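Only the coordinates and a few stated rules stand behind these numbers; no lab work does. These numbers were taken from a predicted model, which means no experiment stands behind them. Please note: Cβ atoms are built from the backbone with ideal geometry, for glycine as well, and neighbour counts cover all protein chains shown.
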Amino acid sequence: MQKRTLGNSGLEVSAIGLGCMGLSFGYGPATERQQAITLIRTAYERGVTFFDSAEAYGPYTNEELLGEALAPIRDKVVIATKFGFDFNGEGGQSGMNSRPQHIRAVAEAALKRLKTDVIDLFYQHRVDPAVPIEDVAGTVKDLITEGKVKHFGLSEAGTQTIRRAHAVQPVTALQSEYSLWWREPEGDILPVLEELGIGFVPFSPLGKGFLTGAINAQTTFDAKDFRNSVPRFSTDARAANQALVDLLGTIAANKKVTPAQIALAWLLAQKPWIVPIPGTTKLNRLEENIGAAAVTLSDGDLTAIEQAVSKIDIQGARYSAEHQARINR
Ligand SMILES: NC(=O)c1ccc[n+]([C@@H]2O[C@H](COP(=O)([O-])OP(=O)(O)OC[C@H]3O[C@@H](n4cnc5c(N)ncnc54)[C@H](OP(=O)(O)O)[C@@H]3O)[C@@H](O)[C@H]2O)c1
């Protein structure tokens, strides 16, 4: 697979990474461990060198999974993980915590779980209103100086936060939601990233599965699936948003590719420093998603997609009100 460089940082990764969250967390029961390890190692064999995790995925178990799966190829891959929450006894998030001491403790614990001596990319998972971003950036800067972290990232941060953080410790990548049905970053985020030379890692690039066409109004989710609480995944919203999936299906059929591949190729076509991280628990879908790196959309294709998508009014908020409240901007 082709490589891309995240911003000015020189961090080179495969054009498409692997989002590993769903293997442990968020979309129902965790994948059986050996199957998950096989999936992660197959991704590497097919050219993926960028693996995304977080302390919160599990919590802890996803980092442990990556630690085991990637140990034999540790020096050939880029591992990204995230800090920024406290957890209660049941493993639920009990609030944000980006206090410097906590960031240091999470880094030490993540290094052990990931079975490594350096975290390639360490993101703040959510901006913590209780801690000045300069203190967060300064703490990661110290971890970089100590050789425990290589690159600093932010997730779902706004432009002022990005600028303030970047002034203390250059930010290598912003990871925020971006896809054909969530285009907010095109407003003021992408221009600031371009100005500052920061790479962009779109999460949920397949619209949490919806853009692939594998989900419709009749789909039922596991009781533990996070999508049960997402307004955009209510039955009514799914029925209304089917128009987007149908459109992607038509475009994909014309190009003899799949809707998932159109969704990922569209992201890749936006900027050369964008690296989507689709997540899957299935080998056939992994192959399909990786195949998107070879799909080129012409200017004509992009214009046709733009014109068609602009006529569709997407229904439903991307997060519940409670979840949205954690995004402090
Ligand atoms: N920074 C943050 O706050 C944040 C938030 C959310 C996610 N993330 C990161 O971003 C990664 C990706 O996001 P995401 O997992 O939320 O959403 P996504 O990649 O948009 O979609 C994942 C969902 O799509 C399904 N899927 C994947 N490929 C498919 C295909 N080719 N055909 C049909 N269905 C397919 C998966 O189901 P199967 O497993 O059944 O294939 C899964 O349910 C996560 O793994 C995580 O690392 C970060």
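Once the dipole of segment 43-202 is set up with Lys and Arg at +1 and Asp and Glu at -1 on Cβ about the Cα centre, which of Leu114, His102, Pro59 lies farthest towards its positive end? Towards the positive end, the residue furthest out is Leu114. Calculated translational diffusion coefficient of the chain (20 °C, 1.002 mPa s; Stokes-Einstein with Kirkwood radius over alpha-carbon pairs) equals 107 µm²/s.
Cβ crowding within 10 Å ranks Phe200, Phe51 as Phe200, Phe51, fewest other Cβ atoms first.
The gain in end-to-end length when the Ser229 to Thr42 segment is fully stretched comes to 64.1 nm, 0.36 nm per residue minus the alpha carbon separation. Put a plus charge on the Cβ of each Lys and Arg, a minus charge on the Cβ of each Asp and Glu, and nothing anywhere else: the dipole of segment 233-329 about its Cα centre is then about 240 debye. Normalised size of segment 49-122, defined as Cα radius of gyration per 2.2 N^0.38 Å with N residues, equals 1.06. Hydrodynamic analysis of segment 125-257 uses the Kirkwood radius over alpha carbon pairs. Inserted into Stokes-Einstein at 10 °C and 1.306 mPa s, it gives a translational diffusion coefficient of 92 µm²/s.
As a proxy for reagent exposure, ranking His323, His125 by other Cβ atoms within 10 Å from fewest up yields His323, His125. In segment 20-90, the inverse of the mean reciprocal separation of distinct Cα atoms equals 12.4 Å; this is its Kirkwood hydrodynamic radius.
What translational diffusion coefficient, in µm²/s and rounded to a whole number, does the Stokes-Einstein relation yield for segment 38-79 at 25 °C and a viscosity of 0.890 mPa s, taking the hydrodynamic radius as the Kirkwood radius over Cα pairs?
Values: Rh = 10.4 Å.
Answer, rounded: 236 µm²/s.
With both labels modelled 7 Å from their Cα along Cα-to-Cβ, the Glu306 to Asp142 distance reads 4.7 nm. Once both labels are positioned 7 Å from their Cα atoms along Cα-to-Cβ, the gap between Ala243 and Met1 label points is 3.3 nm.
Compared with the alpha-carbon gap, the fully stretched path from Asp86 to Lys255 is longer by 56.2 nm at 0.36 nm per residue. Taking Thr235, Thr219, Thr258 in turn, the Gaussian network model of the chain (Cα-Cα springs below 10 Å) assigns the largest fluctuation to Thr219. Quick one: check the C-alpha center-to-center distance for segment 74-149 versus segment 178-254, whole angstrom. Segment 74-149 and segment 178-254 have Cα centres separated by 27 Å. Based on alpha-carbon atoms, the Kirkwood radius and the radius of gyration of segment 1-146 give Rg/Rh equal to 0.96. In segment 163-294, what is the count of Lys pairs whose alpha carbons are under 24 Å apart, counting only pairs at least 8 residues apart or on separate chains? Number of lysine pairs found: 10. Normalised size of segment 185-270, defined as Cα radius of gyration per 2.2 N^0.38 Å with N residues, equals 1.26.
Exposure proxy ranking for Leu39, Leu6, based on other Cβ atoms within 10 angstrom of each Cβ and starting from the fewest, stands as Leu39, Leu6. Dividing the convex hull volume of the alpha-carbon atoms in segment 220-329 by its residue count gives 147 Å³ per residue. With a simple spin-label model that places each label point 7 Å from the Cα along the Cα-to-Cβ direction, the separation between Tyr319 and Glu184 comes to 0.7 nm.
Once C-alpha pairs closer than 8 Å and six or more residues apart are averaged by separation and normalised to the residue number of the chain, the relative contact order reads 20 percent.
The helix-based estimate of mean residue ellipticity at 222 nm for the chain, built from -39,500 (n - 2.57) per DSSP H run of four or more residues and divided by its residue count, is -11500 deg cm²/dmol to the nearest 500.
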